[in-house]
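To start, the structure itself, in structure tokens.
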Amino acid sequence: MIVAERKPIDEIIEFMRDCKKILLVGCNECVTVCYAGGKKEVEILASALKMAFMKEGKELEVEEVTLERQCDHEYLEEIRKIIDEYDAVVSLACGVGVQFMAEKYFRTPVFPGVNTLFMGVTEERGVWAERCQGCGKCILGETAGICPVSRCAKRLLNGPCGGSTKGKCEINKELDCAWQLIIDRLKELGMLEDYEKLIPIKDWSTERAGGPRKVVREDLKQ
Amino acid sequence: MRLTYPDSIRIIRLPCTGKVDVILMMEAFRKGADGVYVVGCLEGECHYLTGNLRAKKKVEYTKKLLDEIGVGGERLEMYNIAASDGPRFAEVAKEMHEKIKALGPSPIRGALQNKEAA
Ligand code: SF4
Ligand code: SF4
């Protein structure tokens with residue numbers, strides 16, 4: 001999932017300084033799972049924003065709605081009939097959802113309510129960690145299912161580096177060394193000889209280095 | 001046991017403090033409460049095992065939110081009192097009443113009153 005966290009309320013208030021009526025839009029998918037922008041977070045933020053305005057002697061009308069997803073036309077269309085009633089939209093979806101909203105509703109200011117962080121997993125309740133950077137050419141098949149692109153601080157493809165100590169990364173003692181994890185798992189799988197195989201230089205043009213990416217499936221396109 | 005506690009206090013009953021949600025505490029303030037406190041069973045004695053521990057964390061989170069919007073996290077507290085300990089319940093009620101009195105009315109209540117007067 002895409003992991004995000006709420007922006008500081010001050011920052012959100014700053015966006016809508018001159019607004020009287022806003023639409024606060026949550027998303028039912030990724031950001032609900034990481035407790036950043038689901039229905040509950042929409043309720044809490046609405047309450048907080050109203051209070052922050054009241055404190056200043058102002059009034060803010062906040063309408064709350066949580067869409068199934070904000071990265072699909074179909075769900076975003078659900079607010080078309082009401083969008084013109086608001087001075088602005090604050091979207092609690094990831095950056096993808098915020099942008100799609102802004103593209104679709106060109107005349108309405110759209111502001112982000114969360115900081116979008118990474119693609120990751122729920123390691124335990126309340127703890128999320130990065131697992132993939134969408135490099136466009138997955139090498140998990142060569143690295144025992146552990147991604148050095150997202151989990152090695154130096155993105156080494158043939159690691160570890162000299163800074164790996166007792167299984168931890170030199171940038172942070174709490175952080176597992178991805179290459180230690182890879183070696184441990186290769187051992188467990190009885191495939192340690194694979195560690196000796198050099199992974200060739202990676203073609204980074206499939207990653208962000210090659211510019212914004214796009215997938216087109218002609219068989220599905222209309 | 002006839003114990004009294006300040007009549008400024010409104011009790012909202014819940015089956016367990018585990019049921020206390022962030023939005024519940026926030027809305028109490030938005031509707032004009034000057035202070036809110038959550039009273040749970042003693043730690044380790046929750047009938048649902050961890051209800052009061054979860055409540056404690058939610059109270060902490062809400063305090064930070066209240067600080068962020070300038071209402072003041074110190075207006076929200078959590079207490080753990082044994083179900084049988086009436087005297088302690090009354091004592092805490094007085095303590096909270098005094099504390100909030102010293103802090104004065106919440107800025108939200110002021111805004112609500114101004115609105116009504118207008
Ligand atoms: S808008 Fe973002 S958070 Fe919502 S479903 Fe799409 S990718 Fe996930
Ligand atoms: S190798 Fe690339 S695609 Fe595969 S998990 Fe890592 S970042 Fe994601």
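Just one of the listed residues (B:K58, B:K94, B:K63) is in contact with a strand residue (DSSP E or B) (Cβ under 6 Å, 6 or more places away or on another chain), assigned to a helix (DSSP H, G or I) and open to solvent by 20 Å² or more (accessible area, probe 1.4 Å), namely B:K63.
All told, B:E77 falls short of being outside any helix (DSSP H, G or I) and open to solvent by 70 Å² or more (accessible area, probe 1.4 Å). Scanning segment A:4-38 for residues being more than 14 Å from chain B (Cβ to nearest Cβ) and closer than 10 Å to A:V114 by Cα gives a total of 3.
In segment A:120-131, the residues that are within 14 Å of chain B (Cβ to nearest Cβ) reach residues that are within 16 Å of ligand 1 (Cβ to nearest atom) and in a loop (DSSP other than H, G, I, E, B) with C-beta atoms within less than 9 angstrom, at least six apart or across chains, in these pairs: A:G126/A:Y35. The sole residue among A:V31, A:V65 that is within 12 Å of ligand 1 (Cβ to nearest atom) and of a type in the set (V, I, T) is A:V31.
Here is a yes/no grid of residues against (1) within 16 Å of ligand 1 (Cβ to nearest atom); (2) under 29 Å from A:V215 (Cα atoms):
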site: A:G134; (1), (2): yes, yes
site: A:L140; (1), (2): no, yes
site: A:I146; (1), (2): no, yes
site: A:R151; (1), (2): no, yes
site: A:R155; (1), (2): no, yes
site: A:C161; (1), (2): no, no
site: A:L181; (1), (2): no, no
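Scanning segment A:40-73 for residues that are within 10 Å of another protein chain (Cβ to nearest Cβ), open to solvent by 70 Å² or more (accessible area, probe 1.4 Å) and either touching a residue at least 40 places away in the same chain (Cβ under 8 Å) or assigned to a helix (DSSP H, G or I) (or both) yields A:K40, A:K55.
Quick one: is A:C161 assigned by TED's automatic domain parsing to the domain that holds A:L186 and either basic (K, R) or within 25 Å of the chain's Cα centre (by Cα) (or both)? Against the criterion (assigned by TED's automatic domain parsing to the domain that holds A:L186 and either basic (K, R) or within 25 Å of the chain's Cα centre (by Cα) (or both)), A:C161 does not qualify.
The values are calculated or read from the model by the stated rules, or taken from the named source; none is laboratory data. Quick caveat, the model's predicted, so the values are computed rather than measured. Note that we place each Cβ from the backbone using ideal geometry, even for glycine, and neighbour counts take in every protein chain shown. These accessible areas exclude ligands, DNA and RNA; they are computed on the full protein's heavy atoms, side chains included. Shrake-Rupley method; radii C 1.70, N 1.55, O 1.52, S 1.80 Å.
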